[in-house]
Amino acid sequence: MKLITILLALLTGLSTGLAQEMTAKQIVQKADDLQRGKTNKGEMSMTIIRPKWERTITLKNWSKGTKYSMTYITSPAKDKGQVFLKRENEMWQWVPSISRMIKIPPSMMSQGWMGSDYTNDDILKESSIVVDYNHKLIGEEQVAGLDCYKIELIPKEDAAVVWGKVIKWVSKNEFWQLKTEYYDEDDDLIRTEQASEIKQFSDRKLPSKMEIIPADKPGNRTVVYVLSSDFNVKLDDSFFSQQNMKRVR
């Protein structure tokens with residue numbers, strides 16, 4: 001019995017040590033990999049809510065790692081056919097109504113996408129929460145009844161990012177990004193993102209609802225519902241081209 005007790009103690013200590021060895025960066029990496037996948041193809045709806053009006057946009061999105069992303073607007077009719085492309089360090093917009101290809105400069109990454117509370121950077125996934133930030137575990141809290149890691153992300157000096165600081169709450173067991181706060185360079189809270197309504201997508205479970213709430217605009221928010229999401233689908237680099245922006249549906 002004494003030997004069994006010692007072995008159990010050793011195993012418990014080993015498992016605790018392994019859990020403690022997981023760094024803040026590794027936690028963020030695992031959460032990002034879960035949400036992003038190697039490749040992803042999905043459909044979403046985005047409702048922009050303002051005190052006096054609402055507007056819903058539906059879209060299709062394809063992505064491959066952090067280098068490639070394409071977004072195709074399927075509705076409303078006046079915006080249908082617009083395509084946004086990120087290919088490595090270049091970003092483009094195809095506007096079929098004027099048959100024009102527009103290059104999106106880095107200076108526009110912080111601007112709202114399609115009038116929403118999401119930025120161009122969010123949609124085009126220009127910055128990487130793993131590569132462009134230093135990570136620090138600053139606590140543990142519950143979000144929606146789940147135990148979460150509370151992690152602070154500070155941008156690296158040479159990183160071209162929108163935010164001065166980001167704080168994320170990542171669930172311990174599932175590695176879902178349940179809450180994120182975004183701050184400017186003066187450490188003022190700009191917006192909060194909350195994720196909820198867990199659903200099965202392809203080979204994993206993820207939040208299907210994301211809500212962005214600006215800190216200084218009462219009554220404003222943007223709600224995104226993930227309608228479908230398939231992971232690790234076959235997508236060649238050639239899919240993410242200016243030529244394909246005009247053909248994709």
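Just so it is clear, none of the values below were taken in a lab; they were calculated from the coordinates. Small disclaimer: the values here were computed from a predicted structure and weren't measured. No Cβ is skipped: glycine too gets one built from the backbone with ideal geometry, and neighbour counts run over all protein chains shown.
If only the Cβ of Lys and Arg carry +1 and only the Cβ of Asp and Glu carry -1, the dipole of segment 23-245 around its Cα centre is close to 880 debye. For the pair Met108 and Lys199, the difference between a 0.36 nm per residue extended length and the Cα-Cα distance amounts to 29.5 nm. The three principal axes of the C-alpha atoms in segment 81-198 carry coordinate ranges of 50, 35, 25 Å, sorted with the longest axis first. Between Ile138 and Asp158, the distance separating the two model label sites (each 7 Å from Cα on the Cα→Cβ line) works out to 2.6 nm.
Grab the beta carbon distance between Arg100 and Lys234, set R0 = 30 Å, and tell me the FRET efficiency rounded to 0.05. About 0.45, to the nearest 0.05. Compared with the direct C-alpha span, the chain from Asp187 to Ser45 gains 48.0 nm at full extension, assuming 0.36 nm per residue. Between Lys78, Lys30, Lys165, the residue with the greatest mean-square fluctuation in the GNM of the chain (Cα pairs under 10 Å linked by springs) is Lys78. When you work out D = kT/(6 pi eta Rh) for the chain at 10 °C and 1.306 mPa s, using the Kirkwood radius from C-alpha pairs as Rh and the Stokes-Einstein form, the result is 81 µm²/s.
Residues of segment 62-90 with the amide nitrogen closer than 17 Å to a label point 7 Å from the Cα of Lys246, along Cα-to-Cβ, please. Only 81-85 pass the distance filter. Distance between the C-alpha centres of segment 228-249 and segment 187-201: 26 Å, rounded to the whole angstrom.
Residue order for Arg249, Arg55, Arg36, fewest other beta carbons within 10 angstrom first, comes to Arg249, Arg55, Arg36.
With respect to the chain, whose longest principal axis is taken over its alpha-carbon atoms, helix 24-36 is tilted by about 50°.
Here is how the number arises for the chain: DSSP H runs of 4 or more residues each give -39500 (n - 2.57), the sum is divided by the residue count, and the result at 222 nm is -5000 deg cm²/dmol.
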